[in-house]
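Please treat every number below as a calculation from the coordinates, not as lab data. Everything quoted here is computed from the prediction, not taken from an experiment. Because the Cβ atoms are built from the backbone with ideal geometry, glycine has one as well, and the counts that use them run over all protein chains shown.
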Amino acid sequence: MNLLNLLQNILSVISSAMLYPVMILLVILFVWMIITIGGFVSEYFERKRQTQKQNPNEFIESFSNDNILRFTSQEIQRMPSCFQEYFRELVNELKRDKSGREIRIEYLLQSKEQKMVKSLDKLRLMIRVGPTLGLMGTIIPMGPALSALSQGDLEKLSSNIIIAFTTTVVGLAIGIAAYYLSTVKNRWINDDIKNLEYFTECIMK
């Protein structure tokens, strides 16, 4: 019986000690999510502006292996953002020896696609971590809240209940926002990958 009480006390201390780190992490993740949403809105308007300016297919079909080497840095800056870095690396590959060129360009394309997909990892992590931290922030104060209820300490009870509800709301808000951003950005990335593959085929044909 003494061992059981000892284990309960140890777990209670560990659980109580985790409440403040959980709350701090939720605040940090919420601030990070606000910053991410700002970047998302900026990218949305940038993509919309570029689409209205020139259709991606028309932009891609204007290239060939002959004229790609003649582009200036200012012309590269006017390209869609997903093309700029890849374009510079592709030009460097085209300037090299023709031996094994197709293999190197295929590797370059796959590396770029992998990097674009990897950019979603943080959002996918937030989809899981946000609600999980919110759940932890809900469960941890419930023990002290029930203890306060049995002792008739309504002030302590209400304080713990408020913490439980607010952490749940914040955690779910982070998860929902991350899921929405991940869904939209995944669609953008798939379109970018399709355009990069088409662009590469137009250059290599």
Item to check | Modelled FRET efficiency - R0 41 Å, residue 106 with residue 27, Cβ distances, 0.05 increments | outcome: 0.35
Checklist outcome for this item: Once Lys and Arg are counted +1 and Asp and Glu -1 for all other residues with Cβ under 9 Å from that of residue 93, the total becomes +3
Checklist entry - Using the Cβ atoms and a cut-off under 11 Å, what net charge is assigned to the surroundings of residue 178, where Lys and Arg are +1 and Asp and Glu are -1? => result +4
Next on the checklist: Taking 19 Å as the cut-off for C-alpha to C-alpha distance, list the pairs among 95/118; 48/185; 118/194; 115/185 that go past it.
Outcome noted: 95/118
Checklist outcome for this item: Net charge near residue 116 (other residues with Cβ under 10 Å of its Cβ; Lys, Arg +1; Asp, Glu -1) is +2
Next on the checklist: So if I take the centroid of the Cα atoms in segment 1-48 and the same for segment 112-186, what is the distance between those two points in Å?
Outcome noted: 6
